[in-house]
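Beneath this line is the structure, given in structure tokens, with notes to follow.
The numbers here are math on the coordinates, done by the rules we state, and not lab data. Predicted model, so just to flag it, every value in this text is computed and none were measured. Glycine gets a Cβ as well: all are built from the backbone with ideal geometry, and neighbour counts include every protein chain shown.
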Amino acid sequence: MGPDLNEAPRTTACPSCGAALRPDAQWCSLCYHDLRAPAAPVVPEPTPAYDGSDPLTAPLLDLLLPAAPVAQPEQAQPAALPAVPVVQEAEWPCTRCGLRNALTASTCRDCGSPFLGGASEAPALVLPGVGDITKLSRGHRVMVALGVVLAVVIPLALMTFLLTPDPSPGGGGTDTTVTVVP
């Protein structure tokens, strides 16, 4: 069953910002203050000292081997701090001179070329015997495309024509020989 709509909703206030909250809210929706009760601190239970022996095989080893003095654990030496890796600042290579510049720089510090200065140029598409296709007119590009298609289709058609066996004279696909007897 849903909530009783005849009863006015009960609200509480956030202790951090004073915003109105539902009584069952676990956090404030305005300032994200945690409204749950703090968890009790976990106290670890003391563990018994472990001498390194296996409780199942220790009695057997006591019978077979003489008792050896138990070595005291060495005092823990403070661990040396690991070397902090040097983080290099992000860089961008200049498209004109190749010098690596800081990512915050908008121009090359050597030649003054702007960031991605050469990126606005259209890439060149040069075909042998034709030249740069990007500089040709639309009609010339259509003719080049037609020439490329014909350069592919004509050799394929010739290979198909030359490598396909002759059709049989009977039309049925089987080799039938007619013998005339006099």
Fill in the blank from the handout: The answer for the net charge of residues other than C111 whose Cβ lies under 14 angstrom from its Cβ, with Lys and Arg +1 and Asp and Glu -1, is +2
Exercise for the section: Work through the residues other than Q26 whose Cβ is under 13 Å from its Cβ and net out their charges, Lys, Arg +1 and Asp, Glu -1. Expected result: 0
Handout entry: Cα-based shape type of region 94-154, given that a ≥ b ≥ c are square roots of the gyration tensor eigenvalues and the cut on a/c is 1.5
Key = prolate
Exercise for the section: Would you please put 133-142, 36-45 in order of how densely packed they are, using the mean number of other Cβ atoms within 10 angstrom per residue and starting with the highest? Expected result: 133-142, 36-45
Practice task
Enumerate the calculated ³J(HN,Hα) couplings along region 89-106 in order (Karplus 6.51 cos²θ - 1.76 cosθ + 1.60, θ = phi - 60°), each rounded to whole Hz, writing x wherever the residue is Gly or Pro.
Solution key: 5, 5, 10, 10, x, 6, 6, 8, 10, x, 5, 8, 10, 5, 5, 7, 7, 9
